[in-house]
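Asks: The structure's right below; bear with me while I get my questions together.
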Amino acid sequence: MRKFLLFLSVILVGFLFLVRLFYLQIYSANKHDLFEDNAIRKVYDYPKRGFVYDRNGALLVANQPSYDVMFIPREVKPLDTLEFCSLLKITKDQFKQIYNKAYHYSPWLPSVFIPHLSKEDYAVLQEKMRKFEGFYIQKRSLRLYQTTIGANVLGDIGEVNNAIIQSDPYYKMGDLIGKQGVEASYEEDLRGVKGIKFIQKDRFNRDIGPYKDGIYDTLPEPGKDITITIDAKLQEYGELLMKNKRGGIIAIEPSSGEILAMVSAPSFNPNLLVGRDRSKNYSKMHYDTISKPLYDRSLLAQYPPGSPFKVLNALIGLQEKVVTIHDRFGCRMGYYLGSRRLTGCHSHSSPLSMIDGIAQSCNSYFANVYRRIIDKYDDPAQGMNVWSDHVKSFGLGNYLGYDLKIGSKGRIPDGDFYNKWYGENRWVSTYNISNAIGQGEVEATPIQLANMIAAIGNRGFYFTPHIIKNIESETIDTNYTTPKHTTIDKEHFEPVVQGMFDVYNKGTAAALRVSGIDICGKTGTAENFIKINGVKTQLTDHSIFVAFAPKDNPKIAIAVFVENGYWGSRFAGKIASLMIEKYIKDHITRTDLEDWILTHSLEDEYHKPYSGETFKINGETTLQVIPLDKSLKSKISNLSN
Amino acid sequence: MHRETHRYFKFDWITIIIFLLLVVFGWLNILSASHTGETIDYFNAAEPYGKQLIFIFLTLGLIVIILSIEAKFYERFSSIIYLISMLSLVGLFIFGKNVNGATSWYAFGGMTIQPSEFAKIATVLAVAKYVSDLNTDIHKIKDQIQCFILIAIPAILVLLQNDTGSTIVYAAFFFVLYREGLPKIYLMIGIAMTLLAVFSLKFGAIFTSIAAGILIVTNYFFTKKKPSFIKPILILVGCVMLSSGVKFFYQNILQPHQQDRISLWLRLEKDPLKLENMKKTFAYNLNESEKAISSGGLTGKGFLEGTRTTGKFVPEQHTDYIFSTVGEEWGFVGSAMVVILFVLLLIRILHLAELQKSQFSRMYGYGVASIIFMHFMINIGMVMGLIPTIGIPLPLFSYGGSGLWSFTILLFIFIKLDSNRINEW
Ligand SMILES: [Zn+2]
């Protein structure tokens, strides 16, 4: 037996080695990955990034060349650090810091040493680059914005992070990727495909020649140009009107779902996020947690929609046949249950039928309708579910599915929601009567409201709102060209549309009429609160307005939110009327409204909660008047053809 | 004339052919791993491949000399050879040249010689001579100890010169002595200690002690003839002590770079970031070598076509990591062939050793096989990531004159002894 110990050991080890070889070379052999191979230098040729045009063909975003100093840590040879640092205008400590960070990421893969050289620095450095082994200059293209508007729509491009590189092997350290807006949504179309040359090198970083005579090399494919649905002039007009205010405007073309304008205020110049100052500017805005310029209020801000929501309750009432347009409900400055007033109202004639109920925005009228809907079934939860399904068919209560990467769901409660809150069979319709008037638990974003109004203007259907109009040599997603029908029959819309038309003619927005355009609209306000030192404090109401025009075959549907603007027609209504006139007529006849908006600021109002002093809200406030900014006015007049 | 032919036929040509195949194939890979630029200047002594080719030609002369010397010479002069060899190791402390942290080289002009390579041959000769002596009985503790001292002297000397790899090779003598009747208990203790150490590091001392306890108790109950229960208890206490001691040894005695190697091998480090960092630093060679082997696939990228080899991405590729060149350029087919050639060579030597009529020759044959086996196992195992990184060359393959010569001498003394076995009675 002693003879066999070594013999068997030899056989066993030999067998183990064969198994290991099989495992390494055949079983787990990743087919020779050129990108993983340190022995092959990858030289990238970045194509032109696609241009972005507005719906009328105006160029919004183009490119400019940019030069990054790249390096491969392992290949860096001892160099004259002092000279190198002074060329790049950095300190020796910064040099070490950048080097160590990149080395930690990977000693063999290229990392960015200094991004976005200025043209002058590039010219100087290019001459001397050969002296610094392991460093090289990579040309890329950066964005060049032809406009100062639409930062939230256009978005920006920035350097990829580790998470992206790991999840998508296309991207390498230092590559740029769309971060927000259409740059992010249409990244793959815009970026094109970079070209790659594989070059065999040796350990001394010397190029030996093309790898395998260049059979794996590829040419760059240029990015595709895109046209977006935004009307740049309307967008700019909206942004100018929103100066000194916070909030959002969304304008949609009802017949297509195309987003005509998407304003979030305050906004910023998109050129701030280009080049070397990008991260500095970005963090400055990121840490402005009070005015939040990076927060797209038109897509993300979720507010109780207020009175505009009443028209949905009218439609649901008709569809559920719990009310006719002739049914009248009384109002004693509010809606009463016994002697308890559940909701207040303002003074108007009483009783009212549906059309006047909408025009006068009577809370009592809609409290009655809402109760009839919910109480139609023995179980209020069932009534609530029916109601909820109708509301959701207008695109509320969930992500709309538009082609921008950010959004909020909003909130539309259903039977389960209240069963969880109060317990099964422990609540009735009066518990959540606020839903009748768009307060309480319902919440929506500006784009959801604009879409809801578009569906009403279309009398029962909508196209999912979208920002893309055309991609060079491609068709857009059919999701955006297929109509989505609501659960309300077409015939029920006419009285509701008439009520909204009357809002402009004799109702709450009578002062905002624009001659020659039949506008249908609805004012709204939303109560809102913040916590100051842990105390829930009420602020001045948000001013809300929704509208579409013209009344038949509408060309534009719009939702405007102005934070703390108080009642609906005070700020939001004026802005909505002006936007509609601008879009349909291209020139403004209601210059009185325009001047009013330009000379009234809400900055003082926004400052109040942070002043540390006690303050008054709503009716007890005075408006802040500012002098008319001549440059704003001239910018506006330049917008007309 | 007839006598001459007869003489050549006595040499074992199978061994010689395998030897030649390994040397030639090894050189091709050294060429691949070390050549730079467009042209290949075969005898350019400034390039490793040129130098190695010169070494190979000199080796042929060396073979002729070894085979010409009378077979009895090696046995008769083994003590003197051993003595000279040990003195040459001691001399390193005074005259040695430091290369990569190991003081294991003599420099004569442009030549360097590594005496530790030759000390292995001397030790095989000395151990074979000592054990085959009629007065020695390997079953006696006293003789065992004397034998261990013969082995320990060179092992400790090379360890003091920071050549851990060569020290471990001396474990090869276990196979030789076991074949000659070293009691089984050494085998059992050796295996048990290795398992205990590995398990303790991997799973912790407590788990390992409990597992060992269960094994010992179970074994005790299933033994028909119950021995005194004192023995199993003593074994258990030993296990627990060893198990607890391993951690201390690992943390306090081993140097940090040795700890890292073991930690990577046993996957003790769980943090993926730290693991990744390990791969970029001390395990860089291993990582690159595994990638190079893996990239070879079934048939390899072809001679002189390996991108990782051509780009010199595996450091020390023409020395300790030469097998990764085989893997990249010759693929599974070529690598498997090398493994099989080594296995055939070892089996052939073992077969011949068993045929020897003198104990000295048999032991010497076992010594040759054991030493080549240790190198083969450690080197290829390391390059493929199966065992912790230990720097020793692949016999007949790796670049280096001392290595090539010492393995040639080691092997051809045996071929000479073997050719002489007919004359021995
Ligand atoms: Zn009323």
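Asks: Kirkwood-based Rg over Rh for the stretch A:236-279 (C-alpha set), two decimals?
Replies: With Rh from the inverse mean 1/r over Cα pairs, Rg/Rh is 1.11.
Asks: Mind checking the alpha-carbon convex hull of the protein assembly as shown and giving the volume per residue in Å³?
Replies: 264
Asks: Now for a different question. Round to a whole angstrom and tell me the spacing of the C-alpha centers of the stretch A:331-379 and the stretch B:398-419.
Replies: Going from one Cα centre to the other spans 107 Å.
Asks: Something else: Which order do A:Asp552, A:Asp288, A:Asp175, A:Asp378 take when ranked by solvent-accessible area (1.4 Å probe, heavy atoms of all protein chains), largest first? Can you show the working numbers first?
Replies: Working: A:Asp552 95, A:Asp288 55, A:Asp175 5, A:Asp378 165 Å².
Descending order: A:Asp378, A:Asp552, A:Asp288, A:Asp175.
Asks: Suppose every K and R has +1 on its Cβ and every D and E has -1 on its Cβ; what is the size of the dipole of chain B about the Cα centre, in Debye to the nearest 20? Working shown, then result.
Replies: Values: 34 positive and 27 negative charges, 297 e Å.
Charge dipole, chain B, about its Cα centre: 1420 debye, nearest 20.
Asks: Report the paramagnetic label zone for A:Arg2: residues of the stretch B:330-357 whose backbone N is under 16 Å from a point 7 Å from Cα along the Cα-to-Cβ axis.
Replies: Correct set: B:353-357.
Asks: Which loop-located trypsin sites (Lys or Arg not before Pro) does the stretch A:295-351 contain, where loop means any DSSP state but H, G, I, E or B and the Cβ has at most 16 other Cβ atoms within 10 Å? Can you show the working numbers first?
Replies: Working: sites: A:Arg297, A:Lys310, A:Lys321, A:Arg328, A:Arg332, A:Arg340, A:Arg341; in loops: A:Lys321, A:Arg328, A:Arg332.
Those that pass, being in a loop and sparsely packed, are A:Lys321, A:Arg328, A:Arg332.
Asks: Show log10 I(q)/I(0) for chain B at q = 0.09, 0.13, 0.15 Å⁻¹, two decimals, from a solvent-free Debye sum over equal Cα scatterers.
Replies: -0.65, -1.28, -1.53
Asks: Could you tell me which residue out of A:Pro169, A:Val61, A:Ser86 lies farthest along the dipole of the stretch A:43-228 toward its positive end? Charges go on the beta carbon: Lys and Arg +1, Asp and Glu -1, centred on the Cα centre.
Replies: Value: A:Ser86.
Asks: With every protein chain left in place and a probe of 1.4 Å, what is the accessible surface of A:Val535, to the nearest 10 Å²?
Replies: The accessible area of A:Val535 comes to roughly 90 Å².
Asks: With unit charges on the beta carbon (Lys/Arg positive, Asp/Glu negative), name the residue among A:Ala509, B:Ile151, A:Met285 whose Cα is farthest towards the positive pole of the charge dipole of the protein assembly as shown.
Replies: Of the listed residues, the answer is B:Ile151.
Asks: Counting Lys and Arg as +1 and Asp and Glu as -1, each charge on the Cβ, what is the dipole of the stretch A:515-595 about the Cα centre in debye, to the nearest 20? Please report the intermediate quantities before stating the final value.
Replies: On the way: 10 positive and 10 negative charges, 44 e Å.
Around 200 debye, computed over the stretch A:515-595.
Asks: Please calculate the 1.4 Å probe accessible area of A:Cys345, with all protein chains present, and give it to the nearest 10 Å².
Replies: Ignoring ligands and nucleic acids, A:Cys345 comes out at about 20 Å².
Asks: Residues of the stretch B:33-90: accessible area per residue at 1.4 Å, in Å²? Before the final figure, lay out the partial values.
Replies: On the way: 3300 Å² over 58 residues.
Heavy-atom accessible area per residue stands at 57 Å².
Asks: At 1.306 mPa s and 10 °C, plugging the Kirkwood radius over alpha-carbon pairs of the stretch A:135-184 into Stokes-Einstein gives what diffusion coefficient in µm²/s?
Replies: Working: Rh = 12.2 Å.
Answer, rounded: 130 µm²/s.
Asks: What accessible area, summed over both chains, is buried at the B-A interface (1.4 Å probe, Å², nearest 100)?
Replies: 3900
Asks: Give the average, rounded to an integer, of partner chain Cβ atoms located within 10 angstrom of each Cβ in B:333-345.
Replies: That works out to 3 on average.
Asks: Which residues, if any, in the stretch B:373-408 have at least 40 Å² less accessible area in the whole protein complex than in the isolated chain, probe 1.4 Å?
Replies: At a threshold of 40 Å² (probe 1.4 Å), the residues of the stretch B:373-408 that become less exposed are B:Phe373, B:Met384, B:Leu386.
Asks: Right, next: Where does the stretch A:323-462 land on the Kirkwood hydrodynamic radius, alpha-carbon pairs, in angstrom?
Replies: 16.2
Asks: If a paramagnetic tag sat 7 Å from the Cα of A:Asp629 along the Cα-Cβ line, which residues of the stretch A:261-301 would have the backbone N under 14 Å from that point?
Replies: Zone members listed by number: A:265-269.
Asks: Based on the Cα gyration tensor of the stretch B:67-156, what are the three equivalent ellipsoid semi-axes, each the root of five times an eigenvalue, rounded to whole Å and given largest first?
Replies: 28, 17, 8
Asks: Given +1 on the Cβ of Lys and Arg, -1 on the Cβ of Asp and Glu, and no further charges, what dipole in debye does the stretch A:43-228 carry about its Cα centre, rounded to the nearest 20?
Replies: With only Lys, Arg, Asp and Glu charged at Cβ, the dipole is about 420 debye.
Asks: Still on this structure: With a 1.4 Å probe and every protein chain kept in, tell me what percent of the accessible surface of the stretch A:43-228 is carbon plus sulfur. Present the calculation step by step, with values, prior to reporting the outcome.
Replies: On the way: 4770 of 8900 Å².
So the carbon and sulfur contribution to the accessible surface is 54 percent.
Asks: Let me ask another. Other chains' Cβ within 10 Å of A:107-114 residues: what's the mean?
Replies: Mean partner-chain Cβ count within 10 Å for A:107-114: 1.
Asks: Positive end of the charge dipole of the protein assembly as shown (Lys, Arg +1 and Asp, Glu -1 on Cβ, about the Cα centre): tell me which of B:Gly165, A:Gly395, B:Val237 has its Cα farthest that way.
Replies: B:Val237
Asks: Now for a separate question. In a shell of Cβ-Cβ distance under 9 Å around A:Ser361, excluding A:Ser361 itself, what net charge do Lys and Arg (+1) and Asp and Glu (-1) give?
Replies: Working: positive: A:Lys310, A:Lys522; negative: none.
Overall, the nearby charge balance is +2.
Asks: Okay, moving on. Could you tell me what % of all Cα pairs in the stretch A:43-228 have separations over 28 Å?
Replies: The calculated P(r) of the stretch A:43-228 puts 33 percent of pairs beyond 28 Å.
Asks: Cα centroids of the stretch A:177-249 and the stretch B:142-216: how far apart, whole angstrom?
Replies: 62
Asks: With springs connecting C-alpha atoms under 10 Å apart, model chain B as a Gaussian network and identify which of B:Ser166, B:Ser402, B:Ser244 has the largest mean-square fluctuation.
Replies: Evaluated over chain B, the most mobile residue of the options is B:Ser244.
Asks: For the stretch B:2-418, give the percent of accessible area contributed by carbon and sulfur heavy atoms, probe 1.4 Å, rounded to a whole number.
Replies: Percent of accessible area from carbon and sulfur atoms in the stretch B:2-418: 71.
Asks: Within the stretch B:375-390, which residues have the backbone N less than 14 Å from the label spot 7 Å out from B:Gln258 along Cα→beta-carbon, could you tell me?
Replies: Correct set: B:388-390.
Asks: To continue, here is another question. Summing -39500 (n - 2.57) over the DSSP H runs of n ≥ 4 in chain A and dividing by its residue number, what mean residue ellipticity at 222 nm do you reach, to the nearest 500 deg cm²/dmol?
Replies: On the way: 22 runs with 205 residues, N = 641.
So the helix-based figure for chain A works out to -9000 deg cm²/dmol.
The values are calculated or read from the model by the stated rules, or taken from the named source; none is laboratory data. Since this is a predicted model, take the numbers as computed values, not measurements. A quick note on method: Cβ atoms are made from the backbone with ideal geometry, for glycine too, and the neighbour counts reach across all protein chains shown. The area values use the complete protein model at the heavy-atom level, side chains included, leaving out ligands, DNA and RNA. Shrake-Rupley method; radii C 1.70, N 1.55, O 1.52, S 1.80 Å.
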